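To start, the structure under review is shown below, and the notes come after it.
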Amino acid sequence: MPNLIAIVGRPNVGKSAVFNRIAGKRIAIVHDEPGVTRDRVSATVDWHGESFELVDTGGIGLLKGEKTDDPITKAALVQVQVAVESAQVIILVVDAKEGLMPLDREVADQLREAGKPVVIAVNKVDNRSNEPAAGEFDALGFESVCHLSAMHDTGIKPLVKTALRYLPEAEQASVPESGEGEPPMSTPEPLKLAIVGRPNVGKSSIINSLIRSDRVIVNDMPGTTRDAVDVPFTVETEGRHQDFLLIDTAGLRKRARIGDSLEFYSAKRAETSIGRADLALLVLDAEMGITEQDKKIGDLITKRKKACIVLVNKWDLVEPHLSEARKEERKRRKKRTGQSTEADKPMLTLAEFGEWVQEQLFFLSYAPVIFSSAKSGFNLDRLLEVIRYVQDQWQQTVPTALLNRVLHEAIEQQQPVSVTGERLKFYYATQKQTAPPTFLLFVNRDELLSEAYTKYLAREIRNAFGFEGCPITLIAKPRPRAVDPIREDEAGKVSKGSKPTAKAGISKRSGRQRKR
Ligand code: GDP
């Protein structure tokens, strides 16, 4: 279970701004287009080599349709409950401009009672005039009070540093590192990576370029990489090490000698490699476009439920044409009278190409698309970053309470359609396993969960928690006997005997509203 830091606070104090400052860059990593960070509630953050799960409770517990005298108070308190349940450290965000509010005190009292470490984040200290107000938050009685401005990106580092000090593993991490050259700390099970694709797309060249990268340490190699079938290597970025096993590299070379039955052997090899891998890197040739065989290999990756990154290689061959095309397009635009349609527009940016690739490989839409050149080295560093990022996603564990709240909201927004007249009812959900991320949904009758609705729920889980590069599997299970049903009538009222035994049951009452 990863370390979890939760952000709580009254509405409008800037919780999501603080969340984005801490996690934003990491989330954006798999998208080539800047500014397409997703609005989500949880992110795996790698902070200078330390990894933790950050949860934005923003909006959680804003009770839709809840009839209460003081919904805001209630909302804030529900959030705190969720955070306290699952987090090791809590960041309580307060607003320097507004000053200390009664609700801040109430939330702080609750947190104190729960005995979890709390860091007060006094946000909106945008200028000196706000500083006097910031001092009054010492009255909340917590040792750690950090002043910051999420808007101006000041004070974020000290805040995270302070929060990390309270994490259980922080003590070990802060022990001075022993002598240089020692084997780096890393996860026990290295991620198995397979590089697959048609012949001549550049798989071997990519391996060779990666192995030459300064950030890649090839471990334990007797002789050269030439003889090895599986090549263990470590990627080092920002002081953090991650272990990988590049599988089946010998297959790549053998195949090169086979000659005329190239396609057959390469397909066979891809199949075996994908079966053994956790993460498949599907290499395409930018110049050749996407062929049927590329699609077949892609299909295999999804069928075997493997993590995937699509790498469009040989970008160096396309880029000059693209520059030309961009120039042409600019000229045309000058002349144009405004009758062109969207369909006439040529693809000129990486983002547009990325979208096109994802359309072609629609069944692999979870895979981030990267453009690279093994020849010039273009984007190979980025590829390493994305591999590392997807590994984190592959091993991400979602707290049960959060998962249920996200699913509850999804169900609220779009109820399942009943074909047979019998309504599908949900009880609760839980993450059964990581790698691949698999969730169990307890329902009244599993056969009522349609494929379309399963896809919808998986999409909502992805929107909330990312899982970039990973397939998401949902398994419907008939409710275990131990769980009481949450019966609801048409008006959404919880009927008698409906108290969920599972703490995090999906009930209409515990719903939350997220700003999107
Ligand atoms: P594999 O069959 O997929 O392993 O492909 P190889 O790595 O053997 O590459 C096939 C050919 O493409 C070789 O001639 C490489 O030099 C060439 N190649 C590989 N990557 C690139 C690239 O990014 N740009 C260009 N221009 N050529 C490349």
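Helices (runs of 4 or more DSSP H) wholly in segment 131-185 with at least 3 residues that are of a type in the set (G, A, S), over 14 Å from P117 (Cα atoms) and at pLDDT 60 or above - which ones?
On the way: elements: 131-135, 156-165, 170-174.
Per the criteria, 131-135.
If I filter segment 321-330 for residues that are surrounded by fewer than 17 Cβ atoms within 10 Å (Cβ to Cβ) and either touching a residue at least 60 places away in the same chain (Cβ under 8 Å) or under 21 Å from Q391 (Cβ atoms) (or both), do I get at least one hit? No; the residues of segment 321-330 include none that is surrounded by fewer than 17 Cβ atoms within 10 Å (Cβ to Cβ) and either touching a residue at least 60 places away in the same chain (Cβ under 8 Å) or under 21 Å from Q391 (Cβ atoms) (or both).
For residues that are in contact with a Lys or Arg (Cβ under 9 Å, 6 or more places away or on another chain) and at pLDDT below 90, scanning just segment 445-464, find the one that is surrounded by the most Cβ atoms within 10 Å (Cβ to Cβ). By that ranking, first place goes to A464.
The values are calculated or read from the model by the stated rules, or taken from the named source; none is laboratory data. Note that the coordinates shown come from a computational prediction; the quantities given were computed from them, not determined experimentally. Note that we place each Cβ from the backbone using ideal geometry, even for glycine, and neighbour counts take in every protein chain shown.
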